[in-house]
Amino acid sequence: MTSRVAKITITLTFIALGITSAVIAPASRDVRGSVQAELTPSAKTIELAPMEVTKVRRQSYAQDIRINGFIQPARRVTLTARLSGTLASVDADVGTAVHAGDVIARFDTETLTLSLNKLVATTEAKAATILRAQKDLERTSSLAATGGVAQAKLTEVETNLAVLKAELRALQAEEAEARRALDDAVVIAPFDGIVNARKVNPGQAVSINTELFEIVDIAQLDLVALIPPQESAGLSMGQTASIEIEGLPGKPLSARLDRISPATIDNSRSLQAYLRLDHAMPGLRGGMFGHGTLQIEKHTNILAVPVAAVIKDGGEAFIRTIVDGAIRRQAVTLGSTKVGEDLVEIRAGLSEGDVVITVPLKDASNGTSVKIAER
């Protein structure tokens with residue numbers, strides 16, 4: 001009896017264990033399934049604000065800097081006396097328009113003319129003496145060849161002729177100097193221009209290097225502007241500018257950068273830049289103040305994107321674009337390092353109309369789904 005009860009108990013125990021295992025087993029499978037679901041990443045979509053993307057388009061860009069300065073003639077000369085003497089006449093005054101070669105003053109030349117005439121006569125006399133000495137040398141040479149005169153006599157005649165020739169050369173040099181002094185006694189204008197200053201009067205005695213006139217050429221005018229060193233890196237000859245002159249109404253004048261000083265000015269730490277005005281206008285004078293803009297950079301019809309959109313990787317440049325709602329990493333070729341403050345030129349790799357992401361995305365990879373939020 002006891003044995004039968006024990007068998008029944010054991011049988012019930014196995015049945016209970018079977019039921020328990022049957023209940024537990026499905027539960028284990030559900031737990032493993034849920035863990036596996038957590039470990040498998042679900043596809044995510046990145047949402048971008050409208051200001052975080054841009055469409056590539058062709059555009060033109062120009063960068064200007066502000067300039068100001070004073071107008072000055074492109075050519076200016078101060079004529080000085082090349083000799084000492086008395087001014088016989090002064091034929092030009094301040095404001096007189098002169099042409100190249102015009103006589104604007106004369107020195108008294110009476111003394112100079114007398115000196116020249118004297119030198120000419122002396123030179124001619126010396127030339128006649130040399131002719132006589134040459135004849136004497138020919139005769140003496142013939143006699144010396146036949147033993148008619150001593151060799152010492154021949155040497156003496158040759159030496160005398162050499163001395164006479166040297167004296168003639170000296171007189172000819174003095175004559176040339178006297179003729180040049182006569183030429184310098186006539187003061188002429190070196191180029192077409194206007195007399196800006198007259199510093200002498202007729203009858204005035206002046207010494208050599210005394211200032212006589214200042215002549216300026218206002219047909220060509222420059223704006224002399226001071227450029228800060230930090231803005232000088234973009235300067236190059238031929239860059240264009242638009243200039244307005246204070247006190248002269250009308251449209252701005254065009255100018256071109258003609259030359260730049262190689263060193264900064266003391267106490268200002270700025271460079272002088274000279275901009276040649278393309279055309280003068282009535283009433284424009286040296287010393288007038290002008291201001292305007294100088295175009296130091298220009299790009300026409302280029303593809304450009306914000307600098308922040310460019311990714312550098314191992315010496316190559318990439319840009320993230322959006323194609324069919326997904327991110328595509330696109331290799332590009334850069335042009336100019338910078339276009340203005342925040343744009344960079346794209347030479348190859350993009351087309352007009354491409355949508356570009358302009359912000360860095362750490363977890364974005366090729367093929368990641370992306371959505372642009374509505375405004």
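Quick look at the values:
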| quantity | calculated |
| --- | --- |
| Candidates SER242, SER232 - the one that is in a strand (DSSP E or B) and either under 23 Å from the mean Cα position of the chain (by Cα) or surrounded by 14 or more Cβ atoms within 10 Å (Cβ to Cβ) (or both) | SER242 |
| Residues located in the stretch 245-282, provided they are in a loop (DSSP other than H, G, I, E, B) and either without any contact (Cβ under 8 Å) to a residue 24 or more places away in the chain or closer than 16 Å to ALA219 by Cα (or both) | PRO249, LYS251, SER261, PRO262, ALA263, ASP266, ASN267, ASP278, HIS279, ALA280, MET281, PRO282 |
| Residue in the stretch 285-297 that is under 30 Å from THR109 (Cβ atoms) and β-branched (Val, Ile, Thr) present | no |
| Count of residues meeting criterion [over 52 Å from the mean Cα position of the chain (by Cα) and either more than 12 Å from ILE130 (Cβ to Cβ) or exposed (fewer than 14 other Cβ atoms within 10 Å of the Cβ) (or both)] in the stretch 171-186 | 0 |
| Subset of the stretch 249-269 that is hydroxyl-bearing (Ser, Thr, Tyr) and under 19 Å from GLN239 (Cα atoms) - its residue that is farthest from the chain's Cα centre (by Cα) | SER254 |
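Residue-by-condition table, conditions (1) among the hydroxyl-bearing types (Ser, Thr, Tyr); (2) under 30 Å from GLY193 (Cα atoms); (3) at pLDDT below 90:
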| residue | (1), (2), (3) |
| --- | --- |
| SER207 | yes, yes, no |
| LEU212 | no, yes, no |
| ASP266 | no, no, yes |
| TYR274 | yes, yes, no |
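The values are calculated or read from the model by the stated rules, or taken from the named source; none is laboratory data. These figures come from a predicted structure and were not determined experimentally. Here Cβ is always computed from backbone atoms with ideal geometry, including for glycine, and neighbour counts include all displayed protein chains.
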